[in-house]
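The values are calculated or read from the model by the stated rules, or taken from the named source; none is laboratory data. Since the structure is predicted, the reported quantities are computational estimates derived from the model, not experimental observations. Glycine also receives a Cβ, built like all others from the backbone with ideal geometry; neighbour counts cover every protein chain displayed. Just so you know, the surface numbers come from the protein's heavy atoms only, side chains and all, with ligands and any DNA or RNA stripped out. Shrake-Rupley method; radii C 1.70, N 1.55, O 1.52, S 1.80 Å.
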2 protein chains.
Amino acid sequence: MTARYDIAALKARLGGIRSEDNPALVKQKSRDFFWYSPVLKRKLDHVTADIIVLPTSEAEVLEVLTAAHALGIPVTPRGTGTGNYGQAMPLSGGVLLDLSGFNKVKAIAPGRYVAEPGAIMARIDDETRRHSRQELRLHPSTYQTASIGGFIAGGSGGVGSIKWGGLRDWGNIIALKVATMEASPRILELSGEDLHKVAHAYGTNGIITEVEMPLAPAYDWVDVILGFGSLRAATEFANELGEQDGLALKNLAVVAAPAPHDYFLRHRKFLPRDSHLVIVMAADFAVDSLLAYAKRFRGAALLMRSDTLFPEEAKGLPPAYELGWNHTTLRALRVDPAITYLQVLYPFPNQVELVEAIHARFGDEVLCHLEFVRFDGKITCFGLPLVRFTTEERLEEIMAIHEAMGAPIFNPHRYTLEEGGMKQTDEAQLAFKRQADPQGLLNPGKMIAWEDPAYDYASGKTFLFRSLSEAGVG
Amino acid sequence: MTARYDIAALKARLGGIRSEDNPALVKQKSRDFFWYSPVLKRKLDHVTADIIVLPTSEAEVLEVLTAAHALGIPVTPRGTGTGNYGQAMPLSGGVLLDLSGFNKVKAIAPGRYVAEPGAIMARIDDETRRHSRQELRLHPSTYQTASIGGFIAGGSGGVGSIKWGGLRDWGNIIALKVATMEASPRILELSGEDLHKVAHAYGTNGIITEVEMPLAPAYDWVDVILGFGSLRAATEFANELGEQDGLALKNLAVVAAPAPHDYFLRHRKFLPRDSHLVIVMAADFAVDSLLAYAKRFRGAALLMRSDTLFPEEAKGLPPAYELGWNHTTLRALRVDPAITYLQVLYPFPNQVELVEAIHARFGDEVLCHLEFVRFDGKITCFGLPLVRFTTEERLEEIMAIHEAMGAPIFNPHRYTLEEGGMKQTDEAQLAFKRQADPQGLLNPGKMIAWEDPAYDYASGKTFLFRSLSEAGVG
């Protein structure tokens, strides 16, 4: 693969910018968490860049892009590589642009902050909490290691979505700066409508060099775990709890028995094997109200609340957000490597019935894991069910059954934007790509509509980040 | 009326507690904003207490209650008398307990504060903003003059309800202390389930002596006024804007033409007479996104944004929250004394169609004013329509038509809890009243079920604060 590009010439042009071309290290850094999917594991295991370049400033990013453009070398940006869709994997080799050292928090104000793309989310929160008791609105379960730029380019929501919706929603990103891939790269300042071009685009249409994001108040969050005798009861409770507008919640998940007992090893002592869990993060001042509310539900058992544990009980327990979202999958995978997962939307208003019907259909093959969120102004849930993987054909069949039953799938077993189903490509998106990356050198192979002009992007599928042209109303 | 009670004996027992029995001053302080309703004006205009007593501490409240209980004198509590339902008017005379001097903020912490009941809401915010850039989640449009205790005892929601729902919702009150009306009054500490007993009970079952309430982050709020060519377009836009989970909004109202131009005199220069308004309070960092979102709606015209006004343009403009809720009614009343109002719920999911159908039915007799809120986890709207009053019979008819068309009324032309329709009385509520006020001396005449044991409180009506026994689920 190296023969394709003049890496030596590139190195000569990099000046003082740090780089790494030891093949073992390059291969290691060319991988993200694609191995959550047995399908992506088969397809992407061989992928590697030719060189890692590690700029630490906007000026250095522009230098790297200028050099790579001049030499026709592809550039795939990466934060810390915690994504699951192969989004940071360089399909055509070339430069892996590791932005983890370009990571300063530049400004903090009431309700917002400005940071460089490589800033780790938990480190941003350290600074914003210290500054003014504020914190990120949204973060993935990989909060401790993931970068904010990677989250915007490849994530969609997570912890906080029960309050704020997702990255696709107006107001959850304030402004972005992106560098273009041209002979003389420009910095574009994007806000409002234009943000939708770059969010969840895997870095295919610009390299994020600065983010301005909203902040939420930072409270002392308490983990509360409630147990229920049936999945239906847990789902109903979580749904109604999510609809309590006055309760300050940060995350709200359901995990069906026996997955919690079997996979949440450090919490196991609290978890009867037959308990279906509702796992809540609530502000300290909301816990009384939450528990009073739970008392109204027959059969709701309080299994754990983190604020009343003795220190020896609390020791070594991961925070509730590391039991949720893709950490649920991760914990299951660690115990049973045959587990994989799906990404499902159970659309309002039929989510409770749909969850029950779908899981009744699959039994033990698909274990229920729900994350409740605000979605278009209503409470509903996404599913990240744990699937006992047998064959790729069966996996496809399981997804087809979900869709046939009314639950759209965002396929985490595909590495292209369109097949992943979160990002709808359209003419506006392609026009922007033509401006920002006319040679198609940014993360090649991830946007089908760019690679294949005959691709029909105007499908009737449900996309999480909707088409730019379709989003218009009125 | 004075002959009924031994006011001289009461005064003798008051010690150093300030009181006032000049009849003109007593009559003036015995009034709230009941005159918004022509019906209440007719029924309550004569009402007066015998004496005003002004305790400034819990100890003084207990002294007054002990003395009044010993002498069998009724006690009606009052904050600053900004309620609209006659809730603070002493139907049986006796003591008007003016709590406006019992008003200290006692503690502020992340997400919550503790205050005495007479604290004015805007003054609480002065302290919480200075302390840690926090502010009240919810307040009425009378924020500058109304007390927090009065709001809890007689209000329901208001500015902030688009984000947090109402006072009826779990988590919007953390804890209350109330003094009972007994020979030796006790202080009850209420939290969780028990809060529902005292919220919106007009002080009929205890005198609030301390409140613990949640706080929201205090941002720089920008007033944005958008104009639309039809009520339908304004309502649709507001509804969809309310469903944007990522936008930090504090209030979201619709006022139909020509009311804004005719009644919002200081804003008139911005308001074409045929514009139907959407009036938004948005955090400064959300305005860009809000305006980008509005651009997608054909026909949305930006009429004013407060953050870009020249100082001479901004001078004298009231804040947007003083164009909303009952201040809309107040501004209309000042121009046209024949105006009164209703309180309507347009239930999700048919709110947009229902607003259109009801206003088409009434034409100019009922001018549309909507306040969008979160309600049971969904976005919908309350109406406080401006009604051209003719007769009480016609007013009843207008309300009956609303209910027949599917829009429940919370009748602001009644002074009892049950007829007002916000608070449902039930056996649990009555049992609590028997404990807290066995002689029925607190704000007598406001709870029908107490006065008339034959009253059937188990009606099928929609109540905002639901029955304590009915609220159980699961």
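Rounded to whole numbers, the Karplus 3J(HN,Hα) couplings from phi for segment B:198-215 are 9, 4, 6, 10, 6, x, 7, 9, x, 9, 5, 10, 7, 10, 10, 10, x, 10 Hz, using 6.51 cos²θ - 1.76 cosθ + 1.60 with θ = phi - 60°, and x at Gly and Pro.
Think of each Lys and Arg Cβ as +1 and each Asp and Glu Cβ as -1; about the Cα centre, that makes the dipole of chain A roughly 780 debye. Here chain A has 51 percent of its accessible surface on carbon and sulfur atoms, given a 1.4 Å probe and all protein chains in place. Think of a 1.4 Å ball rolled over the protein heavy atoms: chain A then has 34 Å² of accessible area per residue.
For A:LEU265, what is the net charge nearby, where nearby means another residue's Cβ is under 9 Å from its Cβ and Lys, Arg count +1, Asp, Glu -1? So the environment of A:LEU265 carries a net charge of +3. Phi angles across segment A:218-225 convert, under the Karplus curve 6.51 cos²θ - 1.76 cosθ + 1.60 with θ = phi - 60°, into 3J(HN,Hα) values of 8, 9, 7, 8, 10, 8, 10, 10 Hz, Gly and Pro given as x.
About the centre of its Cα atoms, segment A:369-456 shows a dipole size close to 400 debye [charges on the beta carbon of Lys, Arg (+1) and Asp, Glu (-1) only; nearest 20 debye]. Of A:PRO110, A:GLN351, A:VAL159, whose Cα points farthest to the positive end of the dipole of the protein assembly as shown (charges on the beta-carbon: +1 Lys, Arg; -1 Asp, Glu; origin at the Cα centre)? Comparing the listed Cα positions along the dipole, A:PRO110 ranks first. Can you work out the Karplus-derived ³J(HN,Hα) for every residue in segment B:243-253? Use 6.51 cos²θ - 1.76 cosθ + 1.60 with θ = phi - 60°, whole Hz, and x for glycine or proline. Here the 3J(HN,Hα) series is 7, 7, 5, x, 8, 7, 10, 10, 7, 8, 10 Hz. In segment B:213-240, burial by the other protein chains removes 50 Å² or more of accessible area from B:TYR219, compared with the chain on its own (1.4 Å probe, ligands and nucleic acids ignored).
Near B:SER230, the amide H atoms lying under 5 Å from its own belong to B:HIS276; only residues 5 or more places off or on other chains count, and H is placed 1.01 Å from N. Here the alpha carbons of the protein assembly as shown define both size measures, Rg and Dmax, at 30.3, 107 Å.
The A-B contact accounts for approximately 4200 Å² of buried accessible area, totalled over both chains at a 1.4 Å probe radius. For segment A:7-98, pairs of C-alpha atoms spaced more than 17 angstrom apart make up 45 percent of the total.
Taking the centroid of alpha carbons for each part, segment B:105-126 and segment B:36-66 are 23 Å apart. The translational diffusion coefficient of segment B:105-217, from Stokes-Einstein at 10 °C and 1.306 mPa s with a Kirkwood hydrodynamic radius over alpha carbon pairs, comes to 114 µm²/s. Other residues lying with their Cβ under 13 Å from the Cβ of B:LEU96 contribute a combined charge of 0, Lys and Arg counting +1, Asp and Glu -1. For B:ARG13, project a label point 7 Å along Cα to C-beta. Then give me every residue of segment B:83-102 with its amide nitrogen under 16 Å of that point. Residues passing the 16 Å test: B:94-97.
Secondary-structure-derived ellipticity at 222 nm for the protein assembly as shown, considering helices only, amounts to -8500 deg cm²/dmol, per-run term -39500 (n - 2.57) for DSSP H runs with n ≥ 4.
If you wrap the Cα atoms of chain B in a convex hull and average its projected area over all directions, you get 22.2 nm². Spatial offset of segment B:192-265 relative to segment A:211-283 amounts to 29 Å, using the alpha carbon center of each.
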